[in-house]
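Colleague: One structure follows; several queries about it will come next.
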Amino acid sequence: MNDILSKLNAYYHTMLKLLPRVGLAIAVLIIGIIVAGWLTSFFRKKINLKAEDKLMVGFLSKAIKIVLIIIIFLLALNIAGLSGISAALLATAGASAVVIGFAFKDIAQNFLAGIILAFNRPFNIGDTVQVEDVFGTVIAMEFRYTKIDTFDGRSVYIPNSDVLTKPVFNYTEDGFFRTDYVLGIAYENDTDLAKKLIQECLDTHEELVHDEKHINFVVEDEVAPSTVNLKIYIWIPTEDFRRRMLEIRGRVITKTKTVLESNGFNLPADITELKFYDASSPIRIQDGETRQQKKEQANA
């Protein structure tokens with residue numbers, strides 16, 4: 001019994017000696033976290049002034065904050081007299097990393113993919129991209145996922161491993177996007193003249209791209225049942241991919257349609273031909289006046 005009391009007394013005095021160090025360690029931890037947040041904001045502003053890559057700025061800022069917090073935590077353990085624990089944590093970090101890697105394979109995979117994408121990726125913030133069925137604007141890239149806002153108002157969080165391993169279509173990286181539409185003219189119209197009028201519209205439309213590499217043109221596409229279809233290919237700038245692209249495309253369609261109509265071209269609708277064979281019963285068609293006369297005769 002005396003041995004137990006003496007040991008408890010020794011532990012008590014040891015705790016009294018450690019309390020100031022523990023209190024100082026807690027204070028260092030709290031102040032360190034606040035300072036880490038301030039330094040992260042400071043570095044973020046400095047990096048943001050020199051770097052044009054917003055995704056890289058965000059990634060580096062988060063990485064700096066995590067590293068600072070880890071250093072502060074280890075420093076607090078040493079101040080509290082628990083240097084053995086900090087050494088053990090560092091010693092077991094390698095072995096635990098393997099165990100954690102197997103236990104949280106997907107998380108680790110996405111984390112590593114995020115690091116790779118931070119330094120080598122196919123998009124920036126504001127780019128319009130498509131990853132499989134997800135089509136929208138890149139908003140942010142975190143350690144585990146990439147956030148994309150679709151054009152119908154949904155926020156999609158795609159794992160970084162998918163972004164790294166699957167095809168990514170970037171619609172705005174080059175600044176240009178080609179789209180097309182079809183205009184159908186009547187068989188009796190002059191196809192060459194129609195192409196000439198449409199080409200003049202394309203060449204003079206200021207909102208389209210005009211250079212040697214990106215050429216706007218029109219070609220015969222199909223001899224349809226009712227029309228000769230002309231297919232028009234146009235290049236549009238992609239600063240605002242979705243709305244501006246659709247608006248410019250709509251204005252070009254309206255302009256080319258108006259020019260053809262003002263020059264006497266017909267833009268007929270599809271024509272449906274009805275054929276009646278001998279085996280079928282004839283269909284009697286009566287106008288409204290005949291039906292009314294028969295109705296009056298029946299009533300009389």
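Colleague: In the structure displayed, which of Lys231/Lys257; Lys65/Lys166; Lys62/Lys166 lie more than 19 Å apart, Cα to Cα?
Modeller: Those over the limit are Lys65/Lys166; Lys62/Lys166.
Colleague: Across 5 Å bins from 0, what is the distribution of all Cα-Cα pair distances for the range 137-276, in whole percents?
Modeller: Reading the bins upward from 0: 2, 9, 15, 16, 13, 11, 10, 9, 7, 5, 3, 1, 0, 0.
Colleague: While we're on this one: Run the numbers on the range 126-201 and let me know its relative contact order in percent, using alpha-carbon pairs under 8 Å that are six or more apart.
Modeller: It rounds to 24 percent for the range 126-201.
Colleague: Apply the Karplus curve 6.51 cos²θ - 1.76 cosθ + 1.60, θ = phi - 60°, to the phi angles in the range 256-261 and return the couplings in whole Hz, x for Gly and Pro.
Modeller: Listing the rounded values in order: 5, 4, 5, 5, 5, 5 Hz.
Colleague: Roll a 1.4 angstrom probe over the protein heavy atoms and tell me the percent of accessible area of the range 135-235 that is carbon or sulfur.
Modeller: 50 percent
The values are calculated or read from the model by the stated rules, or taken from the named source; none is laboratory data. Just so you know, these numbers come straight off a predicted model, no measurement behind them. In case anyone asks, the SASA skips ligands and DNA or RNA and just uses the protein heavy atoms, side chains included. Shrake-Rupley method; radii C 1.70, N 1.55, O 1.52, S 1.80 Å.
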